[in-house]
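These notes are about the structure you will find just below.
Just so it is clear, none of the values below were taken in a lab; they were calculated from the coordinates. Predicted model only: the values in this text are computed from it and were never measured. Don't worry about glycine lacking a Cβ; one is built from the backbone with ideal geometry, like all the others, and counts go over all protein chains shown.
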Amino acid sequence: MLKHDFGIVGEKKEVFLEDNLILYMMDSFEWIKTLSKLEENVEKYGLNYHGITYFKGESITKLKNIILHWINIFSLGEDVIELRGMYYINSGKHSYGKYKKKYLIESLEKLIVLCEKAEKENKIIKHWGI
């Protein structure tokens, strides 16, 4: 199982989201200004799938709000939700994963808690890519 880890810079990884969930939501992350290197402070947009992504300041608030809306969307689904994942060019097909709605929502709620902690303590969130 591929996963994406999130945590506060300088602290342990606190939250992980499964790859198919990240892939499903990936386009909405493109609306967030992010950093790939803190020391260079060069802004980009979106999540670096294979590498490091940093969220700070208003980016954390935007991430939190996007995640809150995804929670609302998933809450409308059936008890088991099928998410389309990676596209495999050799087979011409996407991967699919079935997840319990409760599991998806709980995973995203953990990321909300992390965002709120970072906002409150004026910290930076780090995403470790695949």
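Write out the GluC sites (Glu not before Pro) in segment 10-53 meeting two conditions: DSSP loop, and at most 10 other Cβ atoms within 10 Å of their Cβ.
Glu39, Glu40
Among (i) 1.57; (ii) 1.05; (iii) 0.98, find the value of Cα Rg over 2.2 N^0.38 Å that was calculated from the structure presented, and write down its label.
Recomputing Cα Rg over 2.2 N^0.38 Å here gives the entry labelled (ii).
Using θ = phi - 60° and the Karplus curve 6.51 cos²θ - 1.76 cosθ + 1.60, what whole-Hz ³J(HN,Hα) does each residue of segment 109-115 get, with Gly and Pro shown as x?
After applying 6.51 cos²θ - 1.76 cosθ + 1.60, I find 5, 5, 5, 4, 4, 4, 4 Hz.
Set the Förster distance to 41 Å, then compute FRET efficiency between Glu119 and Asn90 from the Cβ-Cβ distance, nearest 0.05.
0.40
How about segment 1-88: which trypsin sites (Lys or Arg not before Pro) there lie in a loop by DSSP and see at most 14 other Cβ atoms within 10 Å? Intermediate results must be reported in sequence, preceding the final value.
Numbers: sites: Lys3, Lys12, Lys13, Lys33, Lys37, Lys44, Lys56, Lys62, Lys64, Arg84; in loops: Lys12, Lys37, Lys56.
When the trypsin sites (Lys or Arg not before Pro) of segment 1-88 are filtered for loop state and at most 14 Cβ neighbours within 10 Å, Lys12, Lys37 remain.
What length, rounded to one decimal in nm, is gained on full extension from Glu11 through to Lys33, with 0.36 nm per residue of separation minus their alpha-carbon distance? Write down the numbers at each step before the final one.
Working: separation 22, 0.36 × 22 = 7.92 nm, distance 2.21 nm.
Residue separation times 0.36 nm, minus the Cα-Cα distance, leaves 5.7 nm.
Give me the extension gain from Lys98 to Met1: residue separation times 0.36 nm, minus the current Cα-Cα distance, reported in nm with one decimal.
33.6 nm
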